[in-house]
1. Just a yes or no: is a residue in the stretch 315-324 among the hydroxyl-bearing types (Ser, Thr, Tyr), touching a residue at least 12 places away in the same chain (Cβ under 8 Å) and in a loop (DSSP other than H, G, I, E, B)?
2. Residues in the stretch 371-380: is at least one touching a Pro at 6+ places or on another chain (Cβ under 9 Å), surrounded by fewer than 13 Cβ atoms within 10 Å (Cβ to Cβ) and not aliphatic (A, V, I, L, M)?
3. Could you grab me the full set of residues in the stretch 220-263 that are exposed (fewer than 15 other Cβ atoms within 10 Å of the Cβ) and among the small types (Gly, Ala, Ser)?
4. Could you tell me whether any residue of the stretch 361-372 is within 19 Å of residue 341 (Cα to Cα), aliphatic (A, V, I, L, M) and free of Cβ contacts under 8 Å to residues at least 40 places away in the same chain?
5. Considering each of 271, 222, 283 in turn, give the residue that is within 18 Å of residue 50 (Cβ to Cβ) and among the polar types (S, T, N, Q).
6. Pull up the stretch 114-170, narrow it to residues that are basic (Lys, Arg) and either crowded, with 16+ Cβ neighbours inside 10 Å or touching a Cys at 6+ places or on another chain (Cβ under 8 Å) (or both), then point me to the one that is nearest to residue 301 (Cα to Cα).
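Here, each number is a calculation from the coordinates, and none is a lab measurement. For clarity, every value in this text was computed on a predicted model and none was experimentally measured. Backbone-built Cβ (ideal geometry, glycine too); neighbour counts: all protein chains shown.
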Amino acid sequence: MKGWGRWFVWILLASALVAGVAYSLWPQPVAVETMLVRRGRMQVTVDEDGTTQVRERYQVSSPVAGQLLRIELRSGDRIKAGETLLATIRPSDPTLLDAREVAQTEARAAAAEAAVERAEARRSQTKVSADLAEIQFGRAEKLRSSNSIAQDEFDAAEALFRARQEEMRVTNFELEIAKFEYEQAQAALGLVQPNNQEFTKNFEIRSPISGSVLRLFEESSTVVTAGKPLLEVGDPNDLQIVVDVLSSDAVKIQPGNEIRIVHWGGQQPLTATVRVVEPAAFTKVSALGVEEQRVNVIGDFQNRSRDEGRRLGDGYRVEAEIVVWDEENVLQVPTAALFRESGQWCVFTVKQGKAQQQVVQIGQRNQLMAEVHQGLEADSEVVIYPSDQVKQGLVVRVQRTEAPQAP
C-alpha cells in the first residue's frame, strides 16, 4: 500500500506539472477596445482657421493737397453718414500748384464721374438679376407648399435669391461711395483752378457712411498730398467671415453650405452660410514651410445675437467647420478601426470572443467616422486602435466604448 501511495503522489505531481505547462502555453485573451457600427447622421467638414471682416469698408483719402489739421476721432468712434466730420484740410494756394497736379486733379474728377456711371449701370444689371431670382424663389415656395419640388431645387433657388439680394446691397453701397467720391473730386477740382480765392477756406471731409472708425492712418497735423489715405471707416456690426482653404478642398465647397464657427470666445457656436468661393487661388507658405494654393471662402453670419455681435470685431480669429456633405441614416464605422491590408480597407470584428479580419468598402470620411458601403452590418462590433497583437482568430477580452455623437 505504501508503494501505491507513493506512486499516486508522483502521478498527482506530474499531472499538476503538465496542467501548469499547458496553461502557460494556452493563448491568453488580449484586451481590446471596441465600438458598435451604427446608423445615424454623418457630416463631412473642411476645418480651417478664419477671420472676421467688416463687409463694406471705405478708405477715406485726401482729395486735395494741403495742411491736414489734427484728426480728433479715434478708432471705435461712431460716425453718421453726411454729418460726422472726419478730417479738415487747409488747401494749398492754387497759384503754387504745377500743371501736373492740376491735370491729376482733373483726371480724378473725370474718373469719379465715370465710376458713378459704371456703378449705376451695374446696379441696374444687378436689379434685373435680383428681380428674376425673387420671382423664381417665389415659385419655388409655392411648389414647396404642395410638395412639388425637390429639397435640393428649393435650396438652390433660395441660395440664388439671397446671393442676388446681397449683390444688390453691395451695388447700392458702391453707388453711394462713387457719388461721394465724385462730390469730393468736384470740390477739389474747384480749389485748384487759377485765381480761386476759396483756397483760404478749410476743406472738410464728412463721413460717406454710418458706422465706426476702424483705423487711423494719419492722426497728427501734417502736410498731405492728394490721394493720401487718412482713415478707414465701416460698420463693425456688419461682419462676414473669410476662411482660406486648400484649393483641393475649395472644389468641394458650394454657396449655401453651412459654416459652424467654434472657439471664437463665446459659449455657443455661431453659424454662417457660404456666400461665395473666390475663383482665384493664391500661394501661401504653411507653418512647415510648404507652399500651398489657398482659396478664400466668404460666409455670412446667421445667428449673431446683439451681445455676441458686440464681442466680435474686425479681424478677429475664429475656427470654421464648413459642411460639405451631410446625410441621415448613414451606416458608419469609426476611422480608428480602419487599417490597410493588401491595398484594401479592413477592420477586425469580434465574433464569439475572437477577432475576425473583415474587408470593407468605405465612402465619405470625417475625422471620427467613415461611411460603410459594404462589408459590415449595423451593430457589428469592431476593434478600434488594433495593436500588432491582434490577429485573425485571436481570443480577445472586450472593453466597449460608446461612439461619438454627430453634431
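1. Yes, that holds for at least one residue.
2. no
3. 220, 221, 227, 247, 248
4. Yes.
5. Criteria check complete, one pass: 271.
6. This residue is 162.
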